[in-house]
Amino acid sequence: MTSRADGRKRATISDVAAGAGVSRSAVSKVFNGTGHISEATTARILDAARELGWSPSSAAVALRSARTRAIGLVVYRSRDVVEISPISSAVIAGIESVLSPLDFGLLLHVRDRDQEDELDFYRRLVSANRVDGVILTDSVVGDRRFDVLHELRMPAVLLGTPAEEIPLRNVDVDPPGAGMESPVAHLVRHGHTRIAYVGGDEKRVVAMHRRRAFDAAVADRPGIDGIAVETSYSANEAAEETLRLLRSPDRPTALIYASDPMAMAGMRAAKLDGFRVPDDVSVIGFDGLTMGEWVEPQLTTVRRDGVLRGRAAAWEILDVLGAAPGERPVLHVPELLVRGSTGRAPDVP
């Protein structure tokens with residue numbers, strides 16, 4: 001325990017925070033010159049610091065000056081695909097909109113979904129002191145990234161929901177499977193009783209929660225027959241599953257997909273196979289991408305604000321670092337955007 005020359009205990013940042021009636025991060029923001037603290041609160045913090053004889057230690061100042069002012073982000077793509085998905089692009093735009101005005105950079109890495117390779121990547125980031133913190137996405141069951149980053153003492157937040165309790169903050173809507181109730185209700189109101197969900201890989205937590213939400217929405221409605229199939233989120237698999245479902249004896253009259261690109265692939269496959277959308281089968285996507293307005297018919301979709309999700313994740317990691325600007329962004333429950341690809345259920349045997 002450190003003491004002053006007169007024998008009294010040396011004040012700490014926690015003492016200043018308690019004396020001013022604020023959080024430690026607020027004290028840090030005032031003395032670091034980051035974030036937005038009101039003049040009245042700043043005055044209280046400075047008064048408390050003077051009364052306690054506290055100032056940031058030289059070691060702390062040195063640590064601040066060593067900051068990289070960069071945040072790391074890994075996004076994934078399949079081995080045979082070069083481009084980043086549209087929803088990932090929206091998230092990146094949201095992150096940049098928060099980081100850039102504060103002169104923080106984004107260190108972006110596009111990688112295959114290989115957890116061992118990614119863990120090595122984070123270890124290299126830490127050893128080279130290349131970022132101040134990282135934003136994690138796409139949580140999976142048995143995800144080891146959280147414990148590894150905690151052990152490495154690397155500040156991190158998860159955009160999404162983990163499968164189990166983790167030693168890091170996370171940002172997501174509540175409940176994590178939100179957005180599945182509205183498309184099911186919409187289809188039921190239009191007379192559909194056979195509804196299929198073409199979902200993603202359920203090792204990914206978001207896919208698992210969406211499948212559970214779909215099952216629950218169907219179970220809450222007696223007389224509705226629901227079927228869920230799992231894919232790798234690829235457009236090719238979505239098209240294949242669409243044809244398999246529509247060629248079955250008890251074919252569904254409506255299809256909900258885990259993403260808009262999957263829905264567009266499924267809609268095209270159905271039309272090439274002789275099915276009319278929405279006369280023979282209704283189609284709903286998920287994400288609310290602008291490209292859904294440029295297909296025929298226009299795609300009914302569950303709109304999820306990727307830019308806002310990126311902003312929320314960026315704010316959260318900056319808050320961990322004591323540099324968050326303004327108010328915390330609030331995520332909205334995904335909403336159904338009705339367009340031309342859904343209609344009344346057809347008469348089927």
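Some points to look at:
This table checks each residue for (1) in contact (Cβ under 8 Å) with a residue 40 or more places away in the chain; (2) of a type outside the set (V, I, T); (3) more than 22 Å from K203 (Cα to Cα).
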| residue | (1), (2), (3) |
| --- | --- |
| E96 | yes, yes, yes |
| T137 | yes, no, no |
| L149 | no, yes, no |
| R153 | no, yes, yes |
| E165 | no, yes, no |
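- Unique match (being more than 20 Å from F214 (Cα to Cα), within 29 Å of the chain's Cα centre (by Cα) and among the charged types (D, E, K, R)) among E237, E293: E293
- The criterion of at least 2 residues that are among the charged types (D, E, K, R) and modelled with pLDDT of 85 or more is met, among helices (runs of 4 or more DSSP H) falling completely within the stretch 68-164, by 145-151.
- Scanning the stretch 97-135 for residues that are among the charged types (D, E, K, R) and closer than 13 Å to G72 by Cβ, we see that the one that is surrounded by the most Cβ atoms within 10 Å (Cβ to Cβ) is D132.
- Hey, G199 free of Cβ contacts under 8 Å to residues at least 60 places away in the same chain, in the same structural domain as A216 (by TED's automatic domain parsing) and closer than 30 Å to A228 by Cβ or not: yes
- Residues of the stretch 165-178 satisfying the condition of being modelled with pLDDT of 90 or more, under 14 Å from the mean Cα position of the chain (by Cα) and assigned to a loop (DSSP other than H, G, I, E, B): D172
- Filter result (modelled with pLDDT of 95 or more and polar (S, T, N, Q)) within the stretch 206-247: T242
- Output for the stretch 265-290, where each listed residue is within 30 Å of the chain's Cα centre (by Cα) and among the aliphatic types (A, V, I, L, M): A265, M267, A269, V283, I284, L289
- A single entry from R344, R339, R309 fulfils the requirement of being within 20 Å of M180 (Cα to Cα) and under 17 Å from the mean Cα position of the chain (by Cα): R309.
- The set of residues in the stretch 136-156 that are surrounded by fewer than 23 Cβ atoms within 10 Å (Cβ to Cβ) and in contact with a Gly (Cβ under 8 Å, 6 or more places away or on another chain) comprises T137, D138, M154, P155.
- Identity of the residue in the stretch 198-230, in contact with a strand residue (DSSP E or B) (Cβ under 6 Å, 6 or more places away or on another chain) and over 17 Å from P175 (Cβ atoms), that ends up surrounded by the most Cβ atoms within 10 Å (Cβ to Cβ): V198
- Any chance Y233 is free of Cβ contacts under 8 Å to residues at least 40 places away in the same chain and among the aromatic types (F, W, Y): yes
- Scanning the stretch 278-296 for residues that are crowded, with 17+ Cβ neighbours inside 10 Å and either closer than 27 Å to S88 by Cβ or at pLDDT below 95 (or both) gives V283, I284, G285, F286, D287, G288, L289, G292, V295.
- Just one of the listed residues (R339, R311, R344) is touching a residue at least 40 places away in the same chain (Cβ under 8 Å), of a type in the set (K, R), buried (at least 23 other Cβ atoms within 10 Å of the Cβ) and not assigned by TED's automatic domain parsing to the domain that holds H186, namely R311.
- Single unsatisfied condition, D220 versus (1) closer than 21 Å to P346 by Cβ; (2) free of Cβ contacts under 8 Å to residues at least 24 places away in the same chain: (1)
- Of the residues making up the stretch 164-222, just one is basic (K, R) and in contact with a Ser or Thr (Cβ under 6 Å, 6 or more places away or on another chain), namely R194.
- Count of the stretch 269-299 residues, restricted to those that are under 23 Å from A207 (Cα atoms) and of a type outside the set (G, A, S), is 8.
The values are calculated or read from the model by the stated rules, or taken from the named source; none is laboratory data. Keep in mind that this is a model prediction, so the values were computed, not measured. When we count neighbours, we look across all protein chains shown, and the Cβ atoms used for this are built from the backbone with ideal geometry, even at glycine.
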